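Reading through the structure tokens given below for one structure.
The values are calculated or read from the model by the stated rules, or taken from the named source; none is laboratory data. Nothing here was measured: the structure is a model prediction, and the numbers come from that model. Here Cβ is always computed from backbone atoms with ideal geometry, including for glycine, and neighbour counts include all displayed protein chains. Accessible surface is based on the protein model in full, side chains and every heavy atom, while ligands, DNA and RNA are left aside. Shrake-Rupley method; radii C 1.70, N 1.55, O 1.52, S 1.80 Å.
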Amino acid sequence: MDGLLLDTETLWHAAEVDLFRRHGGEFTWDDKMAVIGTSYDFTADYFADRLGRPRSDGPALVEEMVAGMHERVLRAVEARPGAVELVEQLRATDVRLGLASNSPRVLVDDALRTAGLLDAFEVIVTSDDVAHAKPAPDIYLLACERLGVAPGDALALEDSASGVTAAKAAGLTVIGVPQFAETDVSAADRVIASLVELLGE
């Protein structure tokens, strides 16, 4: 969802910058690239380390940042180029659509609702539904299970390195669609610049 379907990565970045500012730090673009697409636990440890806090403080820091993010997604969320059109195109076929996100359920549901896409997917799997988030394959395996589709017959669209790793580990074919030039999705089976390239295929 984040950075692929919806332009929420800019909102995440604003929430991260605000969090670090409140705690006397500066959240840089390198920090953004370090945590993009990673798990809650990884981000918690990273935030604590960067802010010079004990790692036991990490979960509270992430929760504070998520609260700021939640306020933002309730106000406005824009779709990424080609995203709405691609979803509509696929829904007109017999392709089964699932969303597999490392974000918590409340953020996923509210972001999709704000963007008018809450009913676009037959299955939605979030980090709340699995023991291990991306880059572990769990989210993709559960999404395929709930869709009734074998992973080898499924295609994942991913914008992050951890997402590509997760989908490949689950056995899916992966198309990488990085939002940022610095994001390495070269392990994907195919890399494109925008979802617009898939329209009409």
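Within region 40-49, identify whether any single residue is of a type in the set (S, T, N, Q), outside any loop (DSSP other than H, G, I, E, B), open to solvent by less than 30 Å² (accessible area, probe 1.4 Å) and touching a Leu at 6+ places or on another chain (Cβ under 9 Å), and answer yes or no. Yes, region 40-49 contains at least one residue that is of a type in the set (S, T, N, Q), outside any loop (DSSP other than H, G, I, E, B), open to solvent by less than 30 Å² (accessible area, probe 1.4 Å) and touching a Leu at 6+ places or on another chain (Cβ under 9 Å). Against the numbered list (1) within 24 Å of residue 165 (Cβ to Cβ); (2) out of contact with any helix residue (DSSP H, G or I) (no Cβ under 8 Å at 6 or more places or on another chain), residue 47 comes up short only at (2). Residue count for region 130-145, restricted to those that are more than 18 Å from residue 90 (Cα to Cα) and either in a loop (DSSP other than H, G, I, E, B) or not aliphatic (A, V, I, L, M) (or both): 11.
Could you tell me whether region 111-127 includes any residue that is of a type in the set (Ser, Thr, Tyr) and open to solvent by 40 Å² or more (accessible area, probe 1.4 Å)? Talk me through it step by step, then tell me what you get.
First, the residues of region 111-127 that are of a type in the set (Ser, Thr, Tyr): 114, 126-127.
Right, trim to open to solvent by 40 Å² or more (accessible area, probe 1.4 Å) and you get 114.
Taking every residue of region 111-127 in turn, at least one turns out to be of a type in the set (Ser, Thr, Tyr) and open to solvent by 40 Å² or more (accessible area, probe 1.4 Å).
I need the full set of residues from region 111-129 which are assigned to a loop (DSSP other than H, G, I, E, B) and of a type in the set (Ser, Thr, Tyr), in order please. Result: 126, single match. Once region 147-162 is narrowed to residues that are assigned to a helix (DSSP H, G or I) and at pLDDT below 95, the residue that is least open to solvent (accessible area, probe 1.4 Å) is 162. Looking only at region 6-21, residues that are touching a Lys or Arg at 6+ places or on another chain (Cβ under 6 Å) and more than 12 Å from residue 33 (Cα to Cα) come to 2 in all. Of all residues in region 170-183, those satisfying the criterion of being modelled with pLDDT of 95 or more, closer than 27 Å to residue 11 by Cβ and either open to solvent by 40 Å² or more (accessible area, probe 1.4 Å) or assigned to a strand (DSSP E or B) (or both) are 174, 175, 176. Of the residues examined, residue 90 is one that is loosely packed, with under 15 Cβ neighbours inside 10 Å and in a helix (DSSP H, G or I).
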